[in-house]
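Working notes, structure below.
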Amino acid sequence: MSDAQKKEKSFQSGHKIIGKPLARHDAWDKVFGKTVYADDYFLPGMLYGKVLRSEYAAANILSIDTSEAEKLPGVKAVMTAKDVPNNETITRFGQTHSVGGFEGLYRILAYKKVRFRGEAVALVAAETEVIAQKALKLIKVDYKPLLGVFNPIEAKKPGAYKVGESESNVICSYKVRKDDVEKGFALSDVIVENTYRVPAQDHAYIEPESGVAWIDDDGVITIRVSTQVIEHFREVAEVLGLPHNRVRVIGTMIGGGFGGKEDITVESYLALLTWKTKRPVKLTYTREESILAHGKRHPYFMKYRTGATNDGKLMALEAELISDAGGYVYLSPWVLLYSTVGATGPYDIPYVKVDSYTVLTNNTFSSAMRGFGVPQVCFAYESQMDELALRLNLSPLEVRKKNYLKKGKAMATGRVLDRYVAFPETAEKALAALGEQSKPKSPAEKIGRGIASGMTSYGRMVFLHDTSRSYVGLDMDGSVTVRCGVQDLGGGQSSSLAQIAAEVLGVPMKDIKVYIADTALTPLAGTTTATRQLYMSGNATLKAAKEIKKNLLNKAADILEVKPESLDLQDKKVVVKEAPDQTIPLTDVIATCASDGIPLYNVAQFNAPFRELIDFKTGQGQVFPDFTFGTHAAEISVDVETGKVKVLKLVACLDVGKAINPLSVEGQLEGGTIQGLGYALMEDVVLKKGVTLTPSLSEYLIPTSLDVVDIDKVMLESGDGLGPFGAKGVGEPSVTSIAPAVVNAVCDALGIRIFDLPLTPEKIVKALKKS
Amino acid sequence: MTNFKIAEPQTIDQVTSLTIDKKDKYKLMAGGTDLLAEIKDEIIEPEVVVDLKSIPDLSYIKKEKNGVRIGALTSLARLAEDTLIKNEYPALHEAANSVASPQLRNMGTAGGNLCQRPRCWYYRDPQVKCRKKGGGRCFAFRGKNKYHAILGGGLCYIVHPSDLAPALIALDAEISINSPKGNTTIPLTNFYTLPKINVRKENILAPNEVLREIKIPLIKKEEKSTYSKFIERGTWDFAIVSAAVKGTVSGGIFRDITIVLGGVAPVPWRLTKAENIIKGKKITEDLVRKATREALKEAKPLEENGYKKELAEIVLYRAVLSLL
């Protein structure tokens, strides 16, 4: 849609602020470097924390001697597992709501056995960073190296090395069964069968993990930290054996999260060190430490068998997914469930069988990363779709169009899609946006184009019974305060709440002040994960603002002696809709409300739909509130002599429901597309026997500005999302389908397919040689 | 990172006397883009860092009657922007321009680029004690070795990371070294040493010696040069394979040609055999590929880096082609 068309549409909807491409309220501060991030905080008397990490991926800890470190002048605390009140916690399915399913052990500090290289073994707090670093070297850990296991397929075999203690390496497995898949293959004329592999991907955020902690005047342990989840305060309190309300977490502006700051990072360490020393402590990871210590996007092995009739109708899909969880459970079972439910993609397939496993190994642990298990399967099923198209002599678009899910159709899990499904619309528009095909510039250059479609959930799994809260209050001058416990990842999370409040209450953006991310002072809004904040906290803020609006209009109606429905709030005035000249200043109505005791504030809670667990034998049931549908298209050139891929055109076409701030949506589409492009072409956390060989950004390559082109963002606005004003989530959906689109384009150019990411020049040359 | 002192000498002589007894306790720093990262990663732990930037007049590009003299502390950015270099020594211009990012080129120096340490991921891991760090084995040999040497390995399979070195060797550059034993000038190609000479070092420079100046002879009539670098992304990476070519060419035939490869061996690798094959013949893809293959016959790829042989053929062919 052109800018003019967008403007037109926004005008028609009658919105003043929603749908406008607004520069975010915090944009200039960021540009000028004024925004304060976690590592910018310095407190009087502050100590520096450091973490001693395991040198081995698999080893027994025979003994730890901290005496020399403790003697070093300037060292104020050295802590090991024995010093942590509750060193082990068990994670279960469910959060506010316990649902069983699996159990995962999580340790603050390694105890007896280390499971991955980089696992935290001891903590130090000292007067300076240099002393803390020196102290780490004085801690003597006596390790007995163990065999370890580094491949999930090996780890899954009976008799494999046990990563944990007595528990099986297989953390959990899921099934999806829809009819008898063999029947479906019997009905298929063409069957394609392939095995796909994807590597670990790092979030590579610009800001490594960081925070400061101190004990406030009332004895509350207060942690100011870069996190996606301030509500980890409960787990931190449990580690210390304190009541939940004796730990307070304040979120800072975040220099990128992408799921990497969804798990606890530095919080428990900070809390322990400040609790032990009674002094403020700062802990910031180095880049290398960050890459060693936080979870990665799961590597997967994926076996896919897809069957279709000669006219292109999908009949059967069978998939086996094995994910590498690394040394600890973390969010692996949840990520795997996303992959399992998403394994069939946006397609209507009558016969389906999916089996999935997530397996412990002695690699760096895997956990949440933007897309949460969906980009992996999307790479596999969208590669399969193109392979089918080739075999059936249909175009990639044709074969997809014959099979896309539509509104009213059921997914393989039985979930009926009850809202607009933007297929084939996004695919047609994405492909069209590529325009005319570019011409090769040399004989060595081959041009290709590809598309890939995805469906990605927004909002958390419905059996978690997710909720969010937001406070909206009016002051006497008509200015508005929003308090909401969202964490702002830089995606504009707080800015969109300001827009919603401004729209509903008819005040300009400059009159809105948003307070976010403080477990003591802002109503808890849940995690900034799962593409849920606009959906959840946007709705909570909308609900609260509407309640206040109701109070204001009721009072104004009394004054004007008209019905409240005939009134609206605009430009800090109450206006009579039919007679716009007839107005009362907002401040007059506020004054009257205040005097009459009518509330000028509201705290609203928004509840997502609550459902029970799916049937684990068949995978049937509802897992997600709703989906964002989209298609990426790519045109690339490959140098067949060197194997180097150059991106020529990229299109991201998503049904965003409603773009609250089109600039923020575009930002998400660009960021997601580039992150997925890196996944397709270069990003690869290389490990050998559990040792990360790419621990810095000089080895771990991510795209630079010279690796991307201007991305064509085609935003569709069906208005059919569950979020405020019909919005859907875009943070994660923006990454899902770009990698397979690029891979399909490379395949189109070369006539050969590569089954494992990333598509490095060397891999392409090898594949070309083989063919 | 451990603390260190900064020494700010005013003359080169102060450096050579300052460091003479101290061996590895001292490290010389030019731009610091590599050295400081090594200190931060605790690969080296010097007690004193000698900041050569405090010595005046080590940053210059001067044309004289015998050639061009480049001060060791000349920044890569200045080298990349210099019109004389760009016009007369395109290989050097292209090499300087291909290093890292604009920020790093502003900090990094010509001399520092020639003396930088390898990027081998085992060498860069502070917890791995490989041969280069005084340990007993080369971890790349049976480990992950996609980026490692196909030539000149043996004890250690690093590749030399410098972009300037292949270009300058192709341009017949010499370097001047200030040493307590007296000052010397040697061809740059003699500066670099294979692991079998000393596995812990990549060149002959002693800790108390300073690389002071680079000298390039005047270009001959019809002399052309180029530097071509293959990397895995759009910019800002070390060469997988690079090729520096210099020669006098007319009518599609090189009367003389010098070829130096980067990214394939622990030192910049001169392809004398290929030069002899190419010289005097009409350039075709076949000829260049054959010549490269012949010259790389002795290559002994490891498990994952065999692709570099063919890549070298194509990178070199394209470089040669661009000079016709």
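The values are calculated or read from the model by the stated rules, or taken from the named source; none is laboratory data. Just so it is clear, the structure is predicted and the values come from calculations on it, not from any experiment. Using ideal geometry, Cβ is built from the backbone for each residue, glycine included, and neighbour counts are taken over all protein chains shown.
Here are a few things to note about the model shown:
- Checked against (1) surrounded by fewer than 14 Cβ atoms within 10 Å (Cβ to Cβ); (2) within 14 Å of another protein chain (Cβ to nearest Cβ), residue B:37 meets all criteria but (1).
- Within the range A:636-649, the residues that satisfy the criterion of being within 14 Å of chain B (Cβ to nearest Cβ), part of a strand (DSSP E or B) and closer than 19 Å to residue A:679 by Cβ are A:636, A:638, A:645, A:646, A:647, A:648.
- Test result for residue A:98, farther than 20 Å from residue A:212 by Cα, surrounded by fewer than 16 Cβ atoms within 10 Å (Cβ to Cβ), of a type in the set (Gly, Ala, Ser) and modelled with pLDDT under 95: yes
- Residue in the range B:221-235 that is surrounded by fewer than 23 Cβ atoms within 10 Å (Cβ to Cβ), basic (Lys, Arg), more than 14 Å from chain A (Cβ to nearest Cβ) and more than 30 Å from residue A:763 (Cα to Cα) present: yes
- Identity of the residue in the range A:389-429, of a type in the set (D, E, K, R) and part of a helix (DSSP H, G or I), that ends up surrounded by the most Cβ atoms within 10 Å (Cβ to Cβ): A:400
- Residue among A:689, A:728 that alone is at pLDDT 95 or above, of a type in the set (Lys, Arg) and within 21 Å of the chain's Cα centre (by Cα): A:728
- Selection count where residues are without any contact (Cβ under 8 Å) to a residue 24 or more places away in the chain, under 15 Å from residue B:243 (Cα atoms) and among the hydroxyl-bearing types (Ser, Thr, Tyr), scope the range B:275-302: 0
- Search result, residues across the range B:143-173 that are of a type in the set (D, E, K, R) and either within 14 Å of chain A (Cβ to nearest Cβ) or more than 30 Å from residue B:66 (Cβ to Cβ) (or both): B:144, B:146
- Candidate set from the range B:303-324 (those that are surrounded by 19 or more Cβ atoms within 10 Å (Cβ to Cβ) and farther than 22 Å from residue B:246 by Cα); member that is nearest to the other protein chains (Cβ to nearest Cβ): B:307
- Residue list for the range A:294-310, restricted to those being out of contact with any helix residue (DSSP H, G or I) (no Cβ under 8 Å at 6 or more places or on another chain) and surrounded by fewer than 22 Cβ atoms within 10 Å (Cβ to Cβ): A:303, A:309
- The one condition in (1) within 11 Å of chain B (Cβ to nearest Cβ); (2) closer than 23 Å to residue A:208 by Cβ; (3) in a loop (DSSP other than H, G, I, E, B) that residue A:678 fails to fulfil: (3)
- Any hit, the range B:9-24, residues being free of Cβ contacts under 8 Å to residues at least 60 places away in the same chain, closer than 26 Å to residue A:134 by Cα and away from chain A (no Cβ under 14 Å): no
- Check on residue A:491, crowded, with 20+ Cβ neighbours inside 10 Å, within 24 Å of the chain's Cα centre (by Cα), at pLDDT below 95 and not assigned by TED's automatic domain parsing to the domain that holds residue A:374: yes
- Only one of the numbered conditions (1) more than 26 Å from residue A:70 (Cα to Cα); (2) assigned to a helix (DSSP H, G or I) is violated by residue A:133, and that is (1).
- Contacts under 8 angstrom Cβ, first residue in the range A:318-347 being in contact (Cβ under 8 Å) with a residue 60 or more places away in the chain and farther than 21 Å from residue A:455 by Cα, partner basic (Lys, Arg) and assigned to a strand (DSSP E or B), 6 or more apart: A:326/A:296; A:328/A:107
- Yes/no for residue A:673 being surrounded by 23 or more Cβ atoms within 10 Å (Cβ to Cβ), more than 9 Å from chain B (Cβ to nearest Cβ) and β-branched (Val, Ile, Thr): yes
- Matching residues in the range A:537-560 - criterion: being buried (at least 18 other Cβ atoms within 10 Å of the Cβ) and under 35 Å from the mean Cα position of the chain (by Cα): A:537, A:538, A:539, A:540, A:541, A:542, A:543, A:544, A:545, A:548, A:549
- When A:189, A:217, A:202 are checked against the criterion of being surrounded by fewer than 18 Cβ atoms within 10 Å (Cβ to Cβ) and in contact (Cβ under 8 Å) with a residue 40 or more places away in the chain, A:189 stands alone in meeting it.
- Leading residue by the ranking (surrounded by the most Cβ atoms within 10 Å (Cβ to Cβ)) among those in the range A:220-232 that are β-branched (Val, Ile, Thr) and assigned to a loop (DSSP other than H, G, I, E, B): A:227
- Within the span defined as the range B:81-90, one or more residues are outside any loop (DSSP other than H, G, I, E, B), within 30 Å of residue B:248 (Cβ to Cβ) and either at pLDDT below 95 or in contact with a helix residue (DSSP H, G or I) (Cβ under 7 Å, 6 or more places away or on another chain) (or both).
- Qualifying residue in the range A:603-622 (condition: more than 30 Å from residue A:464 (Cα to Cα) and either over 22 Å from the mean Cα position of the chain (by Cα) or among the hydroxyl-bearing types (Ser, Thr, Tyr) (or both)): no
- Only one of the listed residues (A:646, A:658) is buried (at least 21 other Cβ atoms within 10 Å of the Cβ) and of a type in the set (Lys, Arg). That residue is A:658.
- Filter result (without any contact (Cβ under 8 Å) to a residue 60 or more places away in the chain and assigned to a loop (DSSP other than H, G, I, E, B)) within the range A:687-709: A:693, A:698, A:699, A:701, A:703, A:704
- For residue B:263, the requirement of being within 25 Å of residue B:117 (Cα to Cα) and either more than 20 Å from the chain's Cα centre (by Cα) or within 14 Å of chain A (Cβ to nearest Cβ) (or both) is met.
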